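Notes follow the structure.
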Amino acid sequence: MIDVHCHILPGIDDGAPTIETSLEMAAALIADGVEAVVCTPHILPGLYHNTGPQIRAATERLQSALAQSGLNLRLFSGSDAHISPDFLGKLRTGEILTLADSRYVLVELPMHVRPEPLKKFFFELIVAGYVPILSHPERLAWIEPHFVLIQRLALTGVWLQITSGSLLGKFGRSAKYWAERLLDEGLVHLIATDAHDTARRVPDLQNGRDAAALRVGELEANNLVLARPRGILANASPLNLPLSLAQKSNAVPKSA
């Protein structure tokens with residue numbers, strides 16, 4: 001499996017606080033069956049001022065530490081970037097990183113308030129040649145009144161990434177319900193751990209994948225944690241990767 005959203009870099013955000021925790025997370029990921037991880041620290045104006053060059057350097061240092069510790073886990077640089085007015089410009093300058101230098105970019109939205117104009121923001125990213133990936137939509141407090149918008153985004157070029165822990169009930173009943181509903185409607189493109197440590201927000205991709213398989217079947221569960229993530233690392237066109245189940249059925253909602 002490949003984990004495309006993980007806060008494993010030490011001391012750079014609210015993820016791993018130390019290199020020791022990073023190494024523990026790496027060992028847990030390997031034991032869970034993960035072969036590669038995209039390091040995605042937060043980029044959040046006013047709180048986490050990480051930049052592309054800093055993230056790249058931190059990723060290289062951790063990869064070296066893994067090698068010295070005999071931990072066979074491939075690392076790639078990326079970011080979990082919060083929506084901002086200058087998002088596209090920062091992508092073009094490399095201040096915000098795509099996942100593994102691909103066309104795929106992880107986008108984090110405010111948890112409690114729907115930003116505006118959201119459809120325009122994602123449309124501009126797509127027109128510019130990127131594939132935006134909406135990070136953990138099932139955990140957004142505002143998903144219920146705007147669920148049709150999430151559906152529309154998923155069927156018009158925005159990928160949805162849910163958190164494995166959501167399927168396991170680790171983020172409460174609401175997140176579990178919406179994660180399962182998104183899966184049932186065939187709207188999910190990726191599952192990732194969004195792991196932050198080895199105590200509270202742990203690597204649990206295998207359990208999340210198995211929970212998904214009970215709802216969407218083994219083939220699609222593997223697409224969620226391997227086929228599509230592998231395509232991201234290869235910078236493959238989304239047209240050459242497995243479609244979401246909803247895209248296959250062309251079940252486009254009437255309006256957002």
His42 long-range amide H proximity, modeled H, under 5 Å: Asp14, Asp80
Size of electric dipole in the chain: Cβ of Lys, Arg +1 and of Asp, Glu -1, about Cα centre, debye, nearest 20: 640
Gain upon complete extension [Ala236, Ala65; 0.36 nm per residue less C-alpha separation]: 58.6 nm
GNM result for the chain, Cα springs below 10 Å: residue of Glu116, Glu24, Glu108 fluctuating most strongly: Glu116
Segment Glu35-Tyr48, length gained on full extension (0.36 nm per residue, minus Cα span): 1.9 nm
Max mean-square fluctuation residue, GNM over the chain, Cα-Cα springs under 10 Å, options Thr59, Thr21, Thr93: Thr93
Rounded to 5, the percent of DSSP beta bridges in region 2-249 classed as antiparallel: 5
For region 125-131, 3J(HN,Hα) per residue [Karplus equation, 6.51 cos²θ - 1.76 cosθ + 1.60, θ = phi - 60°, Hz, x = Gly/Pro]: 5, 5, 4, 6, x, 9, 10
Choice from Ser174, Ser84, Ser69 with maximal GNM fluctuation in the chain (Cα, 10 Å cutoff): Ser69
Amide H within-cut-off set for Leu106, under 5 Å, with H built and near neighbours excluded: Ser79, Ala81, Leu99, Ile133
Theoretical ellipticity at 222 nm over the chain - DSSP helices of four or more residues, -39500 (n - 2.57) apiece, nearest 500: -11000 deg cm²/dmol
Exposed trypsin sites (Lys or Arg not before Pro) absent: longest stretch of the chain, with sites in DSSP loops and at most 12 other Cβ within 10 Å deemed exposed: 1-199
R0 of 30 Å, Cβ-Cβ distance Ser84-Ala199: FRET efficiency to nearest 0.05: 0.45
Rounded to whole Hz, the Karplus (6.51, -1.76, 1.60) HN-Hα couplings of region 74-82, x for glycine and proline: 7, 10, 10, 7, x, 7, 10, 9, 6
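Taken together, the values in this text are just the output of simple stated rules run on the coordinates, not laboratory data. Model, not experiment: these values are computed from the prediction. All Cβ positions, glycine included, derive from the backbone under ideal geometry; neighbour counts span all protein chains shown.
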